[in-house]
1. How many residues, within the stretch 31-80, are in contact with a Phe, Trp or Tyr (Cβ under 9 Å, 6 or more places away or on another chain) and part of a strand (DSSP E or B)?
2. Where residues in the stretch 73-98 are of a type in the set (D, E, K, R) and within 21 Å of R48 (Cα to Cα), which of them is nearest to the chain's Cα centre (by Cα)?
3. Give the stretch 80-113 a look and list any residue that's of a type in the set (A, V, I, L, M) and modelled with pLDDT of 90 or more, or say none.
4. For the stretch 84-119, which residues satisfy the criterion of being outside any helix (DSSP H, G or I) and exposed (fewer than 14 other Cβ atoms within 10 Å of the Cβ)?
5. If you check E47, E89, which single one turns out to be out of contact with any helix residue (DSSP H, G or I) (no Cβ under 7 Å at 6 or more places or on another chain) and closer than 21 Å to N103 by Cβ?
6. Within the set of pairs 6+ apart or on separate chains, which have a first residue in the stretch 34-56 that is of a type in the set (D, E), a second that is not in a strand (DSSP E or B), and C-beta atoms under 8 Å apart?
Amino acid sequence: MVGSSRHECRRRPDERRAGRELAVRDPQLGRQRTGFRGTYREVTPPERIVQTFEWEGMPGHVSVETATFEDFGDRTKVTTTSIFHTTEERDGMLGSGMERGLNETYARLDELLARLAAN
C-alpha cells in the first residue's frame with residue numbers, strides 16, 4: 001500500500017509475465033474510488049517492464065506502457081512510454097488529470113529513494 005495525507009492506493013501486483021495488477025485509489029480516503037488494471041506483458045529485471053493499463057474512468061480503452069531503466073551508477077534513469085490506439089484515447093487520458101497524479105507519484109518515489117539512500 002502506498003499512501004499520503006491525500007491519497008491511499010492499494011495494489012495487488014503479480015510481476016510475472018502475463019501477471020495481473022489491480023490498483024484502487026481513494027482520494028480523501030474514502031470518497032470517489034478510482035480503479036486501474038493491467039497485465040504484465042514483459043518483465044526483464046533490471047531493464048524493462050511492459051504492461052497494459054486500463055482506467056475505470058475510460059473502460060475498454062487499454063494502453064500499452066513500457067518502462068525502461070538505465071543504470072548510471074549512482075542513479076537510474078526511468079523512461080516511460082504509453083501507446084494509445086487513437087489520439088482521442090490519449091487526449092482523454094491527459095484530460096483526466098493522470099499526468100498530475102503520475103508526477104506526484106514520481107515525486108513520492110524520489111523522496112522514498114532519497115530516504116533509503118540516506119540510511
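The values are calculated or read from the model by the stated rules, or taken from the named source; none is laboratory data. Everything numeric here is computed off the predicted structure, so don't read it as measured data. We place every Cβ from the backbone using ideal geometry, glycine too, and count neighbours over all the protein chains shown.
1. So the count comes out to 21.
2. By that ranking, first place goes to K77.
3. Passing the criteria: I83, A107, L112.
4. H85, T86, G97, N119, listed by residue number.
5. It is E89.
6. These pairs meet every condition: E42/R17; E54/G60; E54/H61.
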